[in-house]
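Participant: First, the structure itself, so that you have it in front of you.
Just so you know, all these numbers are worked out from the coordinates, no wet-lab data involved. Treat the numbers as computed from the prediction; the structure is a model and nothing was measured. Backbone-built Cβ (ideal geometry, glycine too); neighbour counts: all protein chains shown.
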There are 2 protein chains.
Amino acid sequence: MQARSQYHAELDHVWQSLYELAELARLAMVRGSLALEEADLQIAEQVIAGDVQLDTRRAELDELVFTLLATQQPVATDLRLLTATIPAAAGLERMGDLAAHVARAARLRYPDHAVPEPLRATITGMGEVAVGLAADVAAALASRDPTLAARVPAGDEEMTRLHRQMFALLLAEHTGARVNTAIDVSLLGRYFERYADQAVSVARRVYFVITAEHLAPVEPREGWSGGRR
Amino acid sequence: MQARSQYHAELDHVWQSLYELAELARLAMVRGSLALEEADLQIAEQVIAGDVQLDTRRAELDELVFTLLATQQPVATDLRLLTATIPAAAGLERMGDLAAHVARAARLRYPDHAVPEPLRATITGMGEVAVGLAADVAAALASRDPTLAARVPAGDEEMTRLHRQMFALLLAEHTGARVNTAIDVSLLGRYFERYADQAVSVARRVYFVITAEHLAPVEPREGWSGGRR
């Protein structure tokens, strides 16, 4: 019995670790977006320096999963959890990387703003959506409630809408964007979009772990003129 | 003995499936790059339509890994293979997605070229590097030779160089790039770069499966003015 309760404690630790990774990924984007919005070098540096923490925690979690697979014979939900944890943790680590990319864009243009005024509200909105999706993923992991995981893909649609709006504004004559800005904003848009995609992917995995069923897929996406790449 | 030899046949099938995914990801980029270079709509459509094949094969492979983990008690190399297969297959599927994104960029501008003449040689070079990295990953999977996996990260450095060159050309006055082109080329550069990053990530996992050791990390990257994001 001792060994079994130890095993269950370790599975709880896997859930808890995934939740903590999601929280780190969320906080990185809270700060990355703020660094961009406020052109704040100090916050940008914090996000960039802090990213290694997510990487380390993810590597530790991979080790734990490997040990549990090697020493226990997990089945059903437990096996789904362990096999989902490796790619889910990789996705959460990637979200941290993308938040750090946002912070790097802010740092690169400091003391200027990376995003010109006509585009700023849209980009700020993308940051808010990204943070909201990460919060939903974290909540789903904390509660193991599949309905929280299931709502993440719908939230991602708002990101798609803002991403289209971003391109429309970037191309609008009145924005007066130059090549430099077009590069910065295109890449920033991509970082936010990929962060949201990763949040959806993690949420799908969490849903599958809990329910043993796959969330219905969303429609495929097109190029940025007609949607997203 | 029957059951053991069946198990070993299934592990071989995992290796073979990973190799085939790498080949599909490589071919997708061969064609995606060609569609871009030649502004060839038909090839672009083939790549975009063919991407679902990689997705399906990856899902089948995930199922097989899950079954093997549930019914066998893999240890050592076998367990490393199975736990690495899930994220490695996800990475190879992602490489296919990115090749399809390149094809979509070609389709979006057809019958025009998405990439203006002054940038074309650099972008073509990025496609060639991407294809070469995928070929190395496929060869490492086919041979289970760690030295082939180990050379992938070094090959990625050429991608970094070309990516910097791409931004320099995009910003050069004589290129005369407009916002539209800056968006297309920034995103294309990102797709090639991410394809290479995924190839490196898969190669690292393959190296770890074979040797039980981690390949040394490469230096972190900076913003596009000083390198890559």
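Participant: Distances from B:Val75 to the same position in the other copies: list them in nm, one decimal, shortest first, using label points 7 Å from Cα along Cα→Cβ.
Facilitator: Label point to label point, same position, other copies: 2.1 nm.
Participant: Here's another thing I want to ask about it. Please give, to one decimal in nm, the separation of the simple spin-label points placed at A:Glu117 and B:Glu45, each 7 Å out from Cα toward the Cβ.
Facilitator: Spacing of the two 7 Å Cα→Cβ label points: 4.7 nm.
Participant: From the phi angles alone, apply the Karplus equation (6.51, -1.76, 1.60; θ = phi - 60°) to the stretch A:147-164 and give each ³J(HN,Hα) in whole Hz, x where the residue is Gly or Pro.
Facilitator: 5, 6, 5, 5, 8, 5, x, 5, x, 5, 5, 5, 4, 4, 4, 5, 5, 4
Participant: OK, next. How high is the FRET efficiency from B:Glu63 to B:His174, r the C-beta distance, R0 51 Å, rounded to 0.05? Present the calculation step by step, with values, prior to reporting the outcome.
Facilitator: Values: r = 54 Å, r/R0 = 1.05.
After rounding, the FRET efficiency stands at 0.45.
Participant: Label position 7 Å from Cα toward Cβ: report the copy-to-copy distances for B:Asp55 in nm, one decimal, ordered from shortest.
Facilitator: 3.1
Participant: Between the stretch B:66-131 and the stretch A:67-113, how many Å separate their Cα centres?
Facilitator: So the two Cα centres are separated by 19 Å.
Participant: Can you put A:Ile123, A:Ile86 in order of Cβ neighbours within 10 angstrom, beginning with the fewest?
Facilitator: Numbers: A:Ile123 27, A:Ile86 22.
Result, fewest neighbours first: A:Ile86, A:Ile123.
Participant: What list of ³J(HN,Hα) couplings, whole Hz, do you get for the stretch A:114-120 from phi and the Karplus terms 6.51, -1.76, 1.60, once you set θ to phi - 60° and write x for glycine and proline?
Facilitator: In residue order, the calculated couplings are 5, 10, x, 3, x, 9, 5 Hz.
Participant: Additional query: Treating the point 7 Å from Cα along Cα-beta-carbon as the label, what are the nm separations from B:Asp112 to the other copies, to one decimal?
Facilitator: Label-point distances to the other copies, shortest first: 2.5 nm.
Participant: Could I ask something else about it? With r defined as the distance between the Cβ atoms of A:Glu158 and A:Glu213 and R0 fixed at 35 Å, what FRET efficiency is calculated, to the nearest 0.05?
Facilitator: 0.90
Participant: May I pose another question? Which one of B:Ala88, A:Ala203, B:Leu162 is farthest out on the positive end of the charge dipole of the protein assembly as shown, using unit charges on Cβ (Lys, Arg +1; Asp, Glu -1) and the Cα centre as origin?
Facilitator: Going by the Cα projections, it comes out as B:Leu162.
Participant: Which residues does the label zone of B:Ala9 cover in the stretch B:71-92, counting backbone N under 12 Å from a point 7 Å along Cα→Cβ?
Facilitator: Nothing falls inside the zone, counting backbone N under 12 Å.
Participant: How large is the charge dipole for the stretch B:97-204, taken about the Cα centre, if only the Cβ atoms of Lys, Arg (+1) and Asp, Glu (-1) carry charge, to the nearest 20 debye? Write out the running numbers ahead of the final one.
Facilitator: On the way: 12 positive and 13 negative charges, 41 e Å.
Dipole magnitude for the stretch B:97-204 comes out near 200 debye.
Participant: Here's something else I'd like to know. Where the only charges are on Cβ atoms (+1 Lys, Arg; -1 Asp, Glu), what is the dipole of the protein assembly as shown about its Cα centre, to the nearest 20 debye?
Facilitator: Numbers: 46 positive and 62 negative charges, 47 e Å.
The dipole of the protein assembly as shown has a size of about 220 debye.
Participant: Hey, another quick one. Given C-alpha coordinates of the stretch B:82-216, what is the ratio Rg to Rh with the Kirkwood estimate of Rh? All intermediate terms of the calculation are to be shown ahead of the outcome.
Facilitator: Values: Rg = 16.3 Å, Rh = 15.6 Å.
Ratio value, two decimals: 1.05.
Participant: Given N residues in chain A, what is Rg(Cα) / (2.2 N^0.38 Å)? All intermediate terms of the calculation are to be shown ahead of the outcome.
Facilitator: Working: Rg = 19.0 Å, N = 229, 2.2 N^0.38 = 17.3 Å.
Against the empirical 2.2 N^0.38 Å value, I get 1.09 for chain A.
Participant: Additional query: Can you list the HN-Hα couplings for the stretch B:178-187, worked out from phi with the Karplus curve (6.51, -1.76, 1.60; θ = phi - 60°), rounded to whole Hz and with x for Gly and Pro?
Facilitator: Result, rounded to whole Hz: 9, 4, 4, 5, 4, 5, 4, 6, 4, 5.
Participant: Count the net charge of all other residues whose Cβ sits under 10 Å from the Cβ of A:Gln72, scoring Lys and Arg as +1 and Asp and Glu as -1.
Facilitator: Values: positive: A:Arg4; negative: A:Glu10, A:Asp78.
Net local charge, A:Gln72 excluded: -1.
Participant: As I understand it, the dipole of chain A uses +1 on the Cβ of Lys and Arg and -1 on the Cβ of Asp and Glu, about the Cα centre. Which of A:Ala28, A:Val47, A:Leu215 lies farthest toward its positive end?
Facilitator: Positive-most Cα among the choices belongs to A:Leu215.
Participant: Same structure, new question: What is the Cα convex hull volume of the protein assembly as shown when expressed per residue in Å³? Numbers along the way, then the final one.
Facilitator: Numbers: hull volume 60.6 nm³, N = 458.
Expressed per residue, the convex hull around the Cα atoms of the protein assembly as shown is 132 Å³.
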